[in-house]
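Input: a single structure, listed below in structure tokens.
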Amino acid sequence: MRVVCIALDNKDKLQTVAEAALQFTPQVALGKDCVFLEVSQSLHLFSEVEILQKLKELLISMELTGKLSIGTDPGSALSFAKLNMICERENLPIEALENFLSPFNPGEELAEMLESFVKLGIYRLQDLTKVPPKTLASRFGKNALLAYQRVFYGSQVPWPVFHPQEKVCERTEIDLDHQVSTLEPMLFLIRPLLEQVLGRLRGRALKLMSFRLRFELEDYSTVREPIRVWNFNLSFAQSESSLVLPIVRERLNKELQFHPLESSVFACEIEAMEAVPGVSQQKDLFYKKEEEKEQWGSLVSRLHEKLGAQKSFVAKPVARYLPEAAWKRDLSGSEAFDIASLPKRPLVLFRHPRPINKIENYFVYKRHRYKIKELEGPETLSGEWWLKGFHRNYYKASLEDDSQWWVYTNPETPNYYFWHGVFD
């Protein structure tokens, strides 16, 4: 057995780190002030040094501090973390004995016994071998014998069941001495919370789809809105804070310009509202499809925040003759198509064709005259009789102002033109 112990300085984040650590091993346990990971099977994928380094990076990304250690059992790992030392188990000070007795919930059961050991000149665990094991229970109590067996005979400690919380929500409160009311300090506050939420979701093999950001402001008498809430619905599921944070920046930058905070932020909370399955894969140095997919999703979400969901999409060709129906909205951007094999079409296509007049060598639209330099065509498009059918003769009109229009006429009314698009 190989057990990692994470002794956090912030005890309120034990549940957060425990859930995030599920991405490395399914066997996780919560102690009184530590998180334990049984990583024996994980060593088939990573070395002990790599696991400790990944856990260290996880704490840094969440802006948490603590001590990491690894041992052959929970008691050893806890002792190494608390005492900040690495040595043979037998060379640990006698005070470490209580860590072996109840590593997941250490108490004061051995306090009197430890004082007795020190009086007898027993300062290290290896000195316990001087005391006959048969006399430990009668002289120092049953807990002394149980702790002795766990140190020297590897007696197993029952591993408690760990239950991830159903609600994924992270909160932090701010010292009133720090004034947080502008965008940049708010983003510094949001980033670690966002990383903690995403870390917990990664531990469950999930990706974030929507979340709620909540600010609690100092409630002065002049503050009309002491609580500000923003809901974010991502176009694509995300698992990296570096791709979600720009979306948050876009929204807050836009809304705070028109509706700034009325006082300093007292507390910040991020709650995951929706998550979807998203099995993480190992990064490929030569093929970064998964990484590029998330970056594309972040770009689409940012465009949705800035322009609106109906105004930002990829127009994907569809096998239809009718120009206004020959494309569909697509957000994935995953499948490329050969543009060279397609006929030339205007980049700007109007939702509804616009009637225009042609008088001699001019187009007239809304009382404005546009001189025609050249009229290429016609290109006849027809078909779809099952949908009432259509028949149009399209022309590419080059105008005097160097713009190029896409216009058409119907065979039944050849003198009536319709303006359908503009070439770039």
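General observations
- Residue in the range 141-150 that is in the same structural domain as K11 (by TED's automatic domain parsing), of a type in the set (A, V, I, L, M, F, W, C) and within 25 Å of K67 (Cα to Cα) present: yes
- When the residues of the range 26-69 are filtered to those that are closer than 17 Å to M1 by Cβ, of a type in the set (S, T, Y) and surrounded by fewer than 16 Cβ atoms within 10 Å (Cβ to Cβ), the one that is farthest from the chain's Cα centre (by Cα) is S40.
- When L59 is tested against (1) touching a Gly at 6+ places or on another chain (Cβ under 8 Å); (2) within 30 Å of L128 (Cβ to Cβ); (3) not in a loop (DSSP other than H, G, I, E, B), just one condition goes unmet, and that condition is (2).
- Selected residue (only one of N105, N99 is under 44 Å from the mean Cα position of the chain (by Cα), in a loop (DSSP other than H, G, I, E, B) and among the polar types (S, T, N, Q)): N105
- The range 153-184: number of residues that are without any contact (Cβ under 8 Å) to a residue 40 or more places away in the chain and in a helix (DSSP H, G or I): 1
- Flag not set for Y153, criterion: surrounded by 14 or more Cβ atoms within 10 Å (Cβ to Cβ) and modelled with pLDDT under 80.
- Among the candidates I190, I174, I227, residue that is at pLDDT 90 or above, surrounded by fewer than 18 Cβ atoms within 10 Å (Cβ to Cβ), among the β-branched types (V, I, T) and not assigned by TED's automatic domain parsing to the domain that holds N99: I227
- Listed by first and then second residue, the pairs with beta-carbon distance under 7 Å, at least 6 apart or on different chains, first residue in the range 7-22 and within 16 Å of F162 (Cα to Cα), second in a helix (DSSP H, G or I) and among the small types (G, A, S), are E19/G203; A20/G199; A20/G203; A21/G203; L22/G203.
- Inter-residue pairs, beta-carbon under 9 Å, first closer than 16 Å to V422 by Cβ and in the range 336-358, second modelled with pLDDT under 90 and in a strand (DSSP E or B), 6+ apart: L349/A315; L349/W327
Quick grid of which residues meet (1) assigned to a loop (DSSP other than H, G, I, E, B); (2) closer than 20 Å to W159 by Cβ; (3) in the same structural domain as G31 (by TED's automatic domain parsing):
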| site | (1), (2), (3) |
| --- | --- |
| K54 | no, no, yes |
| S69 | no, yes, yes |
| L114 | no, no, yes |
| G121 | yes, no, yes |
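- Residue in the range 160-175 that is over 30 Å from L198 (Cα atoms) and out of contact with any Phe, Trp or Tyr (no Cβ under 6 Å at 6 or more places or on another chain) present: no
The values are calculated or read from the model by the stated rules, or taken from the named source; none is laboratory data. Note that this is a predicted model, so its numbers are computed, not measured. Glycine also receives a Cβ, built like all others from the backbone with ideal geometry; neighbour counts cover every protein chain displayed.
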